[in-house]
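The values are calculated or read from the model by the stated rules, or taken from the named source; none is laboratory data. Note that this is a predicted model, so its numbers are computed, not measured. A quick note on method: Cβ atoms are made from the backbone with ideal geometry, for glycine too, and the neighbour counts reach across all protein chains shown. Note: accessible area is taken over every heavy atom of the protein model, side chains too, but ligands, DNA and RNA are not part of it. Shrake-Rupley method; radii C 1.70, N 1.55, O 1.52, S 1.80 Å.
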Amino acid sequence: SLRFSVRKYLRADEASGKHWHDCDRYNHHAADWHINKPAAKGRCMSIVLGQRSLSRLEGVHPDLVRVVKKAAALSNLDFTVLEGIRSVERQKQLVSQGASKTMNSRHITGHAVDLAPMIAGEVRWDWPLYHKLAKIVKAAAADEKVPLQWGGDWRAFKDGPHWELPWKFYPKGK
């Protein structure tokens, strides 16, 4: 029965840190979930950020942390925080490797994070997943009333994992 299926998968997902919550207004569908069973109307999965992701948010601007945590609460796609605040030395390394184009990175001031979707516990790099995650993070930012820029929307040097608070609203030191 449907009720048995929901209970069965709820117990299985508790071990992985996932849990059910109401999300009628976000209109998620069972086909988008990591499980292949239908759930009760108006129910979807959210994720709980792991200790590693939470530790990578230390030193990040509180508004951006709030958005990431809200995204996890809304998300039907597992994701991880790859990186939050960065040292100048780390930024120099990334620029020399071609992984970044600037020494004026918002990561240095705690105004940026890199998020990556995960499937079966593995970080994924395929763009369709970043577009799916982007919808979730943008909805979270709107809910929290926090302006946010996604590196995937940039015209040049698209950066799917990158999210930052805009300079206009969050100048240096703010």
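For the full complex of protein chains and a 1.4 angstrom probe, list ILE119, ILE136 by accessible area with the highest value first. Before the final figure, lay out the partial values.
Values: ILE119 55, ILE136 15 Å².
Sorted by accessible area, descending: ILE119, ILE136.
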To the nearest 0.05, the calculated FRET efficiency linking SER55 and SER87 through their beta-carbon distance, R0 being 22 Å, is 0.90
The farthest towards the positive end of the charge dipole of region 50-174, of the residues ALA120, ILE136, ILE108, given +1 on Cβ of Lys and Arg and -1 on Cβ of Asp and Glu, is ILE108
With every protein chain kept in place and a 1.4 Å probe, the residues LEU82, LEU74 fall, from largest accessible area down, as LEU82, LEU74
For 54-61, 120-127, ranked highest to lowest by mean beta-carbon neighbours within 10 Å, the order is 54-61, 120-127
Region 57-120 accessible area per residue, 1.4 Å probe, protein heavy atoms, integer Å², reads 41
Taking alpha-carbon centroids only, region 67-116 lies from region 121-136 a number of Å equal to 15
proj_area_mean for region 99-174 (convex hull on C-alpha atoms), units nm², value 5.8
